[in-house]
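Structure first, then comments.
Coordinate-derived values only; no laboratory data. Being a predicted model, the structure only gives us computed values, none of them experimental. Every residue, glycine as well, gets a Cβ built from its backbone with ideal geometry; the counts of neighbours run over all protein chains shown.
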């Protein structure tokens, strides 16, 4: 299965190549390995055409603790 495209670039990565690119980017930026739960998000990112670095950034953002001032529940 090879499908990965977005509006900026066209990529032709297999699933294995995509996962390796995400793991490498995440390890460099977050200095940690991916957890088993994060691989589900990697699969979703691959399916929607997110770039590997975009996926790694999204995973890092999801890992950050939420600040009460920016939490949507505070607005309600």
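At-a-glance table
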| item | result |
| --- | --- |
| Packing-based order for 16-27, 48-59, using average beta carbon neighbours within 10 Å, highest first | 48-59, 16-27 |
| Extension gain (nm, one decimal) between residue 24 and residue 63, 0.36 nm per residue minus Cα-Cα | 12.4 nm |
